[in-house]
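Student: Handing you a structure now.
The values are calculated or read from the model by the stated rules, or taken from the named source; none is laboratory data. What you see is a predicted model; the values in this text were computed from it and never measured. With ideal geometry, Cβ positions are generated from the backbone for all residues, glycine too; neighbour counts draw on all protein chains shown. What goes into the accessible areas is simple: the full protein's heavy atoms, side chains included, and nothing from ligands, DNA or RNA. Shrake-Rupley method; radii C 1.70, N 1.55, O 1.52, S 1.80 Å.
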Amino acid sequence: MSHHDEDDLKPTFHAGFKLGEKKTAEELANLDAEDESLAKWKASLGLGPGGVALATTSGPKVTVLSLTLTSKTLPTGKISLDLSNQAQVESYKKNPINIKEGIEYKVGITFKVNHGIISGVRYIHVVKHSGIKVDKLEQMLGSYAPSPDGSPYTKEFMEEDSPSGPIARMGTYHVRSRVIDDDGEVYTGE
């Protein structure tokens with residue numbers, strides 16, 4: 001990936017944004033223990049007294065399981081790319097997905113937090129046509145801890161329109177995506 005392509009996939013930060021001090025899951029669980037609303041929010045992240053129950057502490061903090069494309073115009077209504085299935089990923093690289101011009105579609109992501117707390121997680125994808133950036137989608141996923149029952153999280157983004165018009169019909173569009181957190185840790189690429 002070229003330096004310019006790498007810059008396209010960088011998250012946007014607002015002026016004055018400042019990351020907070022890093023804390024362990026146990027430190028976060030014990031902060032402001034008397035605040036009832038904060039305790040409920042922490043519980044929604046899987047934090048409780050004594051810290052978070054971690055499935056494992058090795059390997060990636062996050063595993064992106066699948067990406068989906070949903071549209072009423074698709075024959076099946078939804079295309080799902082299982083990122084753990086390398087044969088399927090290679091197949092889509094060789095035989096790209098074809099969608100009609102001017103259709104409405106939604107992108108979705110399913111991911112699992114394996115250990116630790118991730119904060120400020122974003123999904124970014126850049127669409128290029130003939131090497132020129134024509135669209136960038138940057139969606140905040142939020143902050144997460146491992147799900148208490150080990151289940152993955154799923155997020156579907158707002159509906160978008162595919163390009164249309166005579167120029168849109170020429171050539172191929174390429175989409176590159178990634179999941180990145182406030183610390184700059186990348187959880188998936190391409």
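Student: When you scan segment 147-154, do you find a residue that is under 18 Å from the mean Cα position of the chain (by Cα) and not in a loop (DSSP other than H, G, I, E, B), even just one?
Tutor: yes
Student: Answer with yes or no whether LYS106 is among the basic types (Lys, Arg) and open to solvent by less than 70 Å² (accessible area, probe 1.4 Å).
Tutor: yes
Student: Can you tell me how many residues in segment 101-117 are under 19 Å from LEU137 (Cα atoms) and either assigned to a loop (DSSP other than H, G, I, E, B) or modelled with pLDDT under 80 (or both)?
Tutor: 3
Student: Here's something else I'd like to know. So which helices (runs of 4 or more DSSP H) stay within segment 9-99 end to end and still have 2 or more residues that are modelled with pLDDT under 75?
Tutor: By residue number, 25-30, 36-44.
Student: Which condition breaks for VAL186 when tested against (1) of a type in the set (A, V, I, L, M, F, W, C); (2) open to solvent by 80 Å² or more (accessible area, probe 1.4 Å); (3) without any contact (Cβ under 8 Å) to a residue 12 or more places away in the chain?
Tutor: Checking VAL186 against (1) of a type in the set (A, V, I, L, M, F, W, C); (2) open to solvent by 80 Å² or more (accessible area, probe 1.4 Å); (3) without any contact (Cβ under 8 Å) to a residue 12 or more places away in the chain, the one that fails is (2).
Student: List, please: which pairs have Cβ atoms under 7 Å, are six or more places apart or on different chains, and start with a residue in segment 66-86 that is free of Cβ contacts under 8 Å to residues at least 40 places away in the same chain and end with one that is open to solvent by 40 Å² or more (accessible area, probe 1.4 Å) and in a loop (DSSP other than H, G, I, E, B)?
Tutor: Taking only residues 6 or more apart or on different chains, the pairs are LEU69/ILE97; SER71/ILE99; THR73/LYS100; ILE79/ILE97.
Student: Working carefully through the options HIS125, HIS129, find the one that is touching a Leu at 6+ places or on another chain (Cβ under 8 Å), crowded, with 16+ Cβ neighbours inside 10 Å and either modelled with pLDDT under 90 or not polar (S, T, N, Q) (or both).
Tutor: Going through HIS125, HIS129 in turn, the sole match is HIS125.
Student: Can you tell me which residue among MET140, MET158 is loosely packed, with under 13 Cβ neighbours inside 10 Å and closer than 23 Å to THR73 by Cβ?
Tutor: MET158
Student: Quick check on GLU101: is it touching a Pro at 6+ places or on another chain (Cβ under 9 Å) and open to solvent by 70 Å² or more (accessible area, probe 1.4 Å)?
Tutor: Yes.
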